[in-house]
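These notes concern the structure reproduced below.
The values are calculated or read from the model by the stated rules, or taken from the named source; none is laboratory data. No experiment lies behind these values; they were computed from the predicted model shown. Note that each Cβ is placed from the backbone with ideal geometry, even for glycine, and that neighbours are counted across all protein chains shown.
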Amino acid sequence: MAIVDYEHFSKETNGFLSNWFDLLGDCFPQADGSGPFGYGRAARGFQFGRNLSPAINDFFVQFHFYLPSTAALDPPTTFLQLKNAAAADHVSFTMNFATRKIIMNYQTGSTDCTVGSFAYDSWNFLQIRVHIGNADGAIQVWQNGTSIGSVINVDTEITGGPLCHKWTLTSGDQILFANLLIYTESGNVPNARTPETRIFAVMPNSNGFVNDFTASAGVNWECIDEQPNDGDSSYVSAASAPLSELYVCPNSGAVAGSTVYAVGVELDARKDDAGTNELDELIRSGGTTFSAGNPSVLTSSYQRFRAIWDTDPATAAAWTVANANTAQIGFRRTS
């Protein structure tokens, strides 16, 4: 039987290219395990990270961060590392709390960004562009939309080739992070620096167009709206296939007229039998239900699964705020 207990479906309203975007909900073990970052949600004292598959060499990383003024008492923290296949740093970034400098570290040296590049006791928006290369490497950094550092035609490639296989983000027990966004320059929109972005995460508040799964108790949507995941205390399940679930969510906080780069679905699921159980993510827009088309194989332990639509599948055009808000999200047991 397939058991779904997501507890935190997400409608994403950030700029990103599908497959290069990570909400930190499925990081490797250093993560806090409590799901994706919504705007204003933050964590400290942790290291987050993710393997990139396939590896890339041209990309943007951007996020909000917050530093309490007491951080000035701490030593500098290397907060972002972009690694090769052997987990050695191609490029890294260090935050000097005392001078408020962000330092760009690469193979042939390091360069300080502008003095006073971030403010204490408030949220700052950081954007970093990196090109990994032996002689044509480049790093650019923007703070709240203003350029604060740039190095061009430097060596940003350590041994093993010019590809980034893994990143890590470290708080140093001081830095608070939110709205992490990673996307490539060589893909769909966006493929260049965006305006300041937000991630709006919402959870179901009513049943949707179809609800074939069985609730462990009460109404289906009420079994999957806790955050964090409450395990097997409440869930929906399907003993056979194909069976589908869709849910209605409240409106996000996106302002009318905002650019909506994508809408995503996230869920936690496992199986409790020896048979094959596969689950596919669904989104319903314009009166039609669309599947992600890449069913995931369930195991006996909860795993997090995600699908992202960077255009509205009902129109093949960019999402509007209205269409993103009215989209229903869910999943289908396919086998």
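Yes or no, residue by residue, for (1) under 22 Å from residue 161 (Cβ atoms); (2) surrounded by 15 or more Cβ atoms within 10 Å (Cβ to Cβ):
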| site | (1), (2) |
| --- | --- |
| 91 | yes, yes |
| 104 | yes, yes |
| 112 | no, yes |
| 115 | no, no |
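Just to verify a result, which residue in region 230-279, among those that are touching a Pro at 6+ places or on another chain (Cβ under 7 Å) and part of a loop (DSSP other than H, G, I, E, B), is farthest from residue 220 (Cα to Cα)?
Within region 230-279, the first condition is being touching a Pro at 6+ places or on another chain (Cβ under 7 Å), and the residues that meet it are 247-249, 261, 266, 278-279.
Of the ones still in play, those that are also part of a loop (DSSP other than H, G, I, E, B) are 249, 261.
Details: 249: 13, 261: 29 Å.
Only one residue tops the list, namely 261.
Return yes when residue 167 is under 18 Å from the mean Cα position of the chain (by Cα) and either surrounded by 15 or more Cβ atoms within 10 Å (Cβ to Cβ) or small (Gly, Ala, Ser) (or both) and no when it is not. Steps first, please.
Values: under 18 Å from the mean Cα position of the chain (by Cα): yes; either surrounded by 15 or more Cβ atoms within 10 Å (Cβ to Cβ) or small (Gly, Ala, Ser) (or both): yes.
So residue 167 passes the test.
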Scanning region 193-213 for residues that are crowded, with 18+ Cβ neighbours inside 10 Å, in contact with a strand residue (DSSP E or B) (Cβ under 6 Å, 6 or more places away or on another chain) and at pLDDT 85 or above gives 204, 208, 211, 213
Q.
Condition check: over 23 Å from residue 236 (Cα atoms), over 19 Å from the mean Cα position of the chain (by Cα) and in the same structural domain as residue 220 (by TED's automatic domain parsing). Does residue 317 satisfy that?
A. yes
query: Within region 288-297, is even one residue over 16 Å from residue 242 (Cα atoms) and either at pLDDT 95 or above or assigned to a strand (DSSP E or B) (or both)?
result: yes
message = So for region 127-139 (the condition being exposed (fewer than 14 other Cβ atoms within 10 Å of the Cβ) and on the phi > 0 side of the Ramachandran plot), does at least one residue qualify?
response = no
Of the residues in region 319-334, those that are exposed (fewer than 15 other Cβ atoms within 10 Å of the Cβ) and small (Gly, Ala, Ser) come to 322
Confirm whether residue 156 is hydroxyl-bearing (Ser, Thr, Tyr), under 21 Å from the mean Cα position of the chain (by Cα) and buried (at least 18 other Cβ atoms within 10 Å of the Cβ).
-> no
- Item | Boolean, residue 333 is charged (D, E, K, R), under 23 Å from the mean Cα position of the chain (by Cα) and farther than 14 Å from residue 204 by Cα | no
Residues of region 89-117 being farther than 25 Å from residue 191 by Cα and within 23 Å of the chain's Cα centre (by Cα), in sequence order, are 94, 95
Note on residue 221: of the conditions (1) over 22 Å from residue 311 (Cα atoms); (2) surrounded by fewer than 18 Cβ atoms within 10 Å (Cβ to Cβ); (3) in contact with a Phe, Trp or Tyr (Cβ under 7 Å, 6 or more places away or on another chain), unmet is (2)
Filtering region 177-192 down to residues that are surrounded by 18 or more Cβ atoms within 10 Å (Cβ to Cβ) and within 28 Å of residue 67 (Cβ to Cβ) yields 177, 178, 179, 180, 181, 182, 183, 190
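Taking strands (runs of 3 or more DSSP E) that do not extend beyond region 69-155, which have at least 1 residues that are out of contact with any Leu (no Cβ under 9 Å at 6 or more places or on another chain) and free of Cβ contacts under 8 Å to residues at least 60 places away in the same chain? Write out each step before concluding.
Working: elements: 77-83, 89-96, 101-106, 109-112, 123-131, 137-143, 146-154.
Here the list reads 89-96, 101-106, 109-112, 137-143, 146-154.
Could you please find all residues in region 290-309 being among the hydroxyl-bearing types (Ser, Thr, Tyr) and surrounded by fewer than 18 Cβ atoms within 10 Å (Cβ to Cβ)? Steps first, answer last, please.
Looking only at region 290-309, we keep the residues that are among the hydroxyl-bearing types (Ser, Thr, Tyr), and these are 291, 296, 299-302.
Result: 291, 299, 300, 301.
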Residues in region 267-287 that are out of contact with any Lys or Arg (no Cβ under 8 Å at 6 or more places or on another chain) and closer than 16 Å to residue 307 by Cβ total 4
